[in-house]
Amino acid sequence: MMSEAELQDLAADLEVNGLREPIMLDREGVGLDGRNRVMACVMAGVASRFGIWHGDPAEAVAYIIWLNLHRRHLDASQRAMIAARLATMRQGERTDLAPNGAISQTDAAKLLGVGRRTVQRAATVLDQGIDELVAAPSKAKSR
């Protein structure tokens, strides 16, 4: 999520330029992309526009990542932390027996354009790091 100052900047931009990209929902109306834009639209008094993503539900995570990687300036460590949070398969778990939607560290690394070892290190930070380190704000900016 954007900081309050970033949301205010986005709201000011929306007042001048309007909403350029629709907020994307899945077929059931669940938000896939655009929660910062929704909040900024409310702040600016600008009407939100919505689009429906009609892709394969199994590809929704890849779609969201693709959208955000092209819009944000994330460094490798930030992408690795996202990948570590995405990787839901346990180490050594068989892919043919994993629950639907389970993502391996290797697959998460490929989605985010980082190495598997980098994702493993990020997972260690998530599992063993102090709360301040895990919760450190991202320098990434998003619209």
Using the 10 angstrom Cβ neighbour count as an exposure proxy, how do Trp66, Trp53 rank, fewest first? Trp66, Trp53
What percent do you get for the relative contact order of region 1-54 when only Cα pairs under 8 Å and 6+ apart count? 43 percent
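Quick note: the coordinates plus some simple rules give every number you see, no bench work behind them. Nothing here was measured: the structure is a model prediction, and the numbers come from that model. FYI the Cβ positions are ideal-geometry reconstructions off the backbone, even for glycines, and counts take in every protein chain you see.
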